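Right, one structure below, let's go through it.
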Amino acid sequence: MAYKVPSLEEMLQFSVAHFKAMLPDRNVGSRFSFNWKLLKTITGGATDVHAHVDTGLKDVMPDTARGGALDRWIFIFAPGGKKLRKAATPARKAAAGRVRGSVAATTAVGDRLIHRPTSLLFQINSNGTIPATAGAAFVDVDIVAVDTGSLTRLKKGEVLEYTSAPAGIQTKVELQKDLSDDGFDGEQDGDAHNRLLAALATPSSGGNQSDFVGWILAQLGISGAFTYPNRAGVGTIDVVGLHTGVGTARILNNAEAAALLAALQALAPAQLAANGGALRVLTVIGGSVDAANLANVELTVVPDGSPQYAFDWDDTTPPVVLSWTLATRTLQFTGGTRPITLQAGHRICLRGVASSQDGAPLVVEALSGADSVILQTAPANNPAAGDVVYAGGPLTDVVRGAILAHLNGDVLYAAPTGPLPGAAAVASSTSVAQLHVLATGIGTANPGGIYGPWIGTLLIGTLATIATYTRGVRKHTVITPAADQEAVDYAFPLDNQIGLLTPGYVLVRKGS
Amino acid sequence: MSASPAIVNPATGALDLVFDPVTRDLIDAPDGGFVEGTDSRTAVLWQLESELGAWWGSPPDGSRIRAIVAGDEPATAIDLQDEALRALQALIDEGLISELHVALDTDDGGRVAIVLAYRDRSSGRLVDLAYVPFGG
């Protein structure tokens, strides 16, 4: 039976009782007596030894080792063939950099940018062409840092400059989003710990599926690994690595994929390494390239009646957008009126009927006229006439955040407060050691689970689990998708591609 | 060492080690051990001598007398008197002493001494004690 480590107070009570039993005529009944002070001091020393032993026990077991002890475990077992933790990673974000220029001017992956205040280097991470759309001579492209570490996590509004601007492209690129994906100073304890446990659970056996997963995860900047044995024929293996990130920012660019292939060829069994077609790093196709991989979610939830979970306003008859004025962030509704319960400070969620909306809650800054509201921030895409407006509320934020985390590959833990994404747990230093996993993150296509034990499918059951587990939800209905949505497992001759579900709109609204 | 059953409180015990109020050392006993007493003089001494909030084992205990004497806090002799009263109130609350009076005096060298008078609750005796913050 495990030894129960006593607390300081328990040790003191034990010591006082022991002392009184042995020396009943000595005064130890008051904290002002010298004997009591002496016992308390000794007890402190004993408790410190207990804490040290307890910590030592945790450090000698791989499932509880942290910090320097975890470093030693990694050095001894070298998961993925690497004796050290993964180094710092570059920050990245999809569609984060607004590139302006002449119509039809282009920028390409690899174009270098510099952040003048810090001299940190970045680069364009997706090809872009300035469209001919009137009044919008810009394109938003993916940005990734060339330098690494948390300093590369630049905020929205920061300005990057091309070190050598392509023809027709303006020098300055303003960030439209925080570069909040990746950008760690070194491998975090949780990730390193998971890699170590996976390596211990499935020891290397000369190139099995787990070996490839371990090798891929050991590569810098890769946090998701999926392997497809025998997909291109007996004796072959296709692999995919993904970054930590949101949507298409998880996908490796061509240079990163080539580096991964080279790294794996150095580790894989000879028959795979020597044969160019037997080991492939697949091209990942997200929802922005193939709409079949776009994961749209519409979910209604009914609060349990507690005031703290109520939606902000009554959208029994949801208003419809008549017009949108970007300059003043004014949203006008049809019918000449707006719902009387809609007030400043309330949240709204847009359902894109005539435009593309992501369902994110938007806060009403002020009411305007009889039928309009002014929003605190403009939505990513301009609303259009015909779009429908729903109420937001506390449940919107929690359920939507959990669904997005699931779609973006993050683990959801069953925390006492509701679904807790792994990234949120790290950010808030919340221990997940005792928490059950509510849902694992979505990976690349794995129809029917035929390739291995990961989920590449948006399951209605998982959405229902997330909604059910959220505190304050009485009942829910999944409207979209109508059935489980599989990412595309492309067949020959496109079988060097694999689908990855990326979030489209995620709309969580009030049900009845 | 010998104990006196007549004055031992069965709930707490009564004997506590006695310290020399000048040198703050334990006092050697003829039997090779240290002298023990049955009153609260050790508790009083350590309450005045300990630095308030400095010991993790019992942060609320102690006094600011050491800080006052060291000049860490701007203070007068009256502040020493007030601080002794404040610190020893905890012992009154604990039921160790009562009828506390604190006065100030100076020794032959001109140093301030705190003159204490209180009733020790365990023995019932009145105690007069001169406490010299500067020690020996």
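Find the residue count for the range A:122-158, including only residues that are touching a Ser or Thr at 6+ places or on another chain (Cβ under 8 Å) and not small (Gly, Ala, Ser).
Counting residues in the range A:122-158 that are touching a Ser or Thr at 6+ places or on another chain (Cβ under 8 Å) and not small (Gly, Ala, Ser) gives 11.
Can you say whether A:Arg85 is away from chain B (no Cβ under 14 Å), part of a loop (DSSP other than H, G, I, E, B) and in contact with a helix residue (DSSP H, G or I) (Cβ under 9 Å, 6 or more places away or on another chain), as far as the supplied structure shows?
Considered against the rule, which asks whether it is away from chain B (no Cβ under 14 Å), part of a loop (DSSP other than H, G, I, E, B) and in contact with a helix residue (DSSP H, G or I) (Cβ under 9 Å, 6 or more places away or on another chain), A:Arg85 comes out as yes.
With A:Asp71, A:Asp48 as the choices, which residue is under 28 Å from the mean Cα position of the chain (by Cα) and of a type in the set (D, E, K, R)?
A:Asp71
Suppose we filter the range A:30-74 for residues that are under 29 Å from B:Leu15 (Cα atoms) and either outside the structural domain of A:Glu9 (by TED's automatic domain parsing) or of a type in the set (A, V, I, L, M, F, W, C) (or both); how many remain?
7
Identify all residues within the range A:453-512 that are among the β-branched types (Val, Ile, Thr) and over 19 Å from A:Arg400 (Cβ atoms); write none if there are none.
Those that are among the β-branched types (Val, Ile, Thr) and over 19 Å from A:Arg400 (Cβ atoms): A:Ile455, A:Thr457, A:Val488, A:Ile498.
Among the residues of the range A:180-208, how many are touching a Pro at 6+ places or on another chain (Cβ under 7 Å) and surrounded by 18 or more Cβ atoms within 10 Å (Cβ to Cβ)?
The total comes to 6.
Out of A:Asp315, A:Asp358, A:Asp290, which single residue is among the acidic types (Asp, Glu) and out of contact with any Leu (no Cβ under 9 Å at 6 or more places or on another chain)?
A:Asp290
Need the failing condition index for A:Gly67 against (1) surrounded by 12 or more Cβ atoms within 10 Å (Cβ to Cβ); (2) in contact (Cβ under 8 Å) with a residue 40 or more places away in the chain, just the number.
(1)
With the condition kept exactly as written, say whether any residue in the range A:96-107 is closer than 23 Å to A:Gly224 by Cβ and in contact with a strand residue (DSSP E or B) (Cβ under 6 Å, 6 or more places away or on another chain).
Yes, there is a match, as at least one residue in the range A:96-107 is closer than 23 Å to A:Gly224 by Cβ and in contact with a strand residue (DSSP E or B) (Cβ under 6 Å, 6 or more places away or on another chain).
Which residues, counting only those in the range B:15-56, are surrounded by fewer than 20 Cβ atoms within 10 Å (Cβ to Cβ), over 18 Å from B:Pro133 (Cα atoms), at pLDDT below 90 and of a type in the set (D, E, K, R)?
The one that is surrounded by fewer than 20 Cβ atoms within 10 Å (Cβ to Cβ), over 18 Å from B:Pro133 (Cα atoms), at pLDDT below 90 and of a type in the set (D, E, K, R): B:Asp31.
Collect the residues in the range A:284-326 that are of a type in the set (S, T, N, Q) and crowded, with 16+ Cβ neighbours inside 10 Å, keeping them in residue-number order.
Residues satisfying the conditions are A:Ser288, A:Asn293, A:Asn296, A:Thr300.
What do you reckon, is A:Arg329 among the basic types (Lys, Arg) and within 22 Å of A:Pro361 (Cβ to Cβ)?
yes
Considering the range A:480-495 alone, what residues qualify as being among the aliphatic types (A, V, I, L, M) and either surrounded by 13 or more Cβ atoms within 10 Å (Cβ to Cβ) or over 16 Å from A:Leu463 (Cα atoms) (or both)?
A:Ala487, A:Val488, A:Ala491, A:Leu494
Would you mind telling me which numbered condition in (1) of a type in the set (A, V, I, L, M, F, W, C); (2) at pLDDT 95 or above; (3) surrounded by 19 or more Cβ atoms within 10 Å (Cβ to Cβ) A:Ile114 fails?
That leaves (3) as the condition not met.
Take the residues of the range A:37-63 that are touching a helix residue (DSSP H, G or I) at 6+ places or on another chain (Cβ under 6 Å) and aliphatic (A, V, I, L, M): which is nearest to the other protein chains (Cβ to nearest Cβ)?
Per the criteria, the residue is A:Leu39.
Mind counting the residues in the range B:35-57 that are on the phi > 0 side of the Ramachandran plot and either at the interface with another protein chain (Cβ under 8 Å from one of its Cβ atoms) or touching a strand residue (DSSP E or B) at 6+ places or on another chain (Cβ under 6 Å) (or both)?
Total meeting the criteria: 0.
For the range A:1-48: of the residues being hydroxyl-bearing (Ser, Thr, Tyr) and free of Cβ contacts under 8 Å to residues at least 24 places away in the same chain, which is surrounded by the fewest Cβ atoms within 10 Å (Cβ to Cβ)?
Ranking the candidates gives A:Tyr3 first.
Check A:Arg347, A:Arg329 and return the single one that is among the basic types (Lys, Arg), crowded, with 16+ Cβ neighbours inside 10 Å and at pLDDT 95 or above.
So the residue among A:Arg347, A:Arg329 that is among the basic types (Lys, Arg), crowded, with 16+ Cβ neighbours inside 10 Å and at pLDDT 95 or above is A:Arg347.
Considering only the range A:382-400, state which residues are part of a strand (DSSP E or B) and small (Gly, Ala, Ser).
A:Ala391
Out of all the residues in the range A:20-36, which are at the interface with another protein chain (Cβ under 7 Å from one of its Cβ atoms) and in a helix (DSSP H, G or I)?
The answer is A:Lys20, A:Phe34, A:Asn35.
Restricting attention to the range A:204-251, which residues are more than 18 Å from A:Ala262 (Cβ to Cβ), touching a strand residue (DSSP E or B) at 6+ places or on another chain (Cβ under 9 Å), in a loop (DSSP other than H, G, I, E, B) and among the hydrophobic types (A, V, I, L, M, F, W, C)?
Hits for the range A:204-251 are A:Ala232, A:Val246.
Could you list, in sequence order, the residues of the range B:58-87 that are charged (D, E, K, R) and either in contact with a His (Cβ under 6 Å, 6 or more places away or on another chain) or more than 9 Å from chain A (Cβ to nearest Cβ) (or both)?
B:Arg64, B:Arg66, B:Asp72, B:Glu73, B:Asp79, B:Asp82, B:Glu83, B:Arg86
Mind checking which residues of the range A:1-10 are among the aliphatic types (A, V, I, L, M) and within 12 Å of another protein chain (Cβ to nearest Cβ)?
If the condition is that a residue be among the aliphatic types (A, V, I, L, M) and within 12 Å of another protein chain (Cβ to nearest Cβ), then A:Leu8 is the only one that fits.
If I ask for residues that are under 20 Å from A:Ile403 (Cβ atoms) and among the small types (Gly, Ala, Ser), which ones from the range A:416-452 would you list?
Hits for the range A:416-452 are A:Gly418, A:Gly422, A:Ala423, A:Ala424, A:Ala425, A:Ala427, A:Ser428, A:Ala439, A:Gly441, A:Gly443, A:Ala445.
The values are calculated or read from the model by the stated rules, or taken from the named source; none is laboratory data. These numbers come from a predicted model, not from an experiment. Cβ sites come from the backbone with ideal geometry, for glycine too, and all protein chains shown count toward neighbours.
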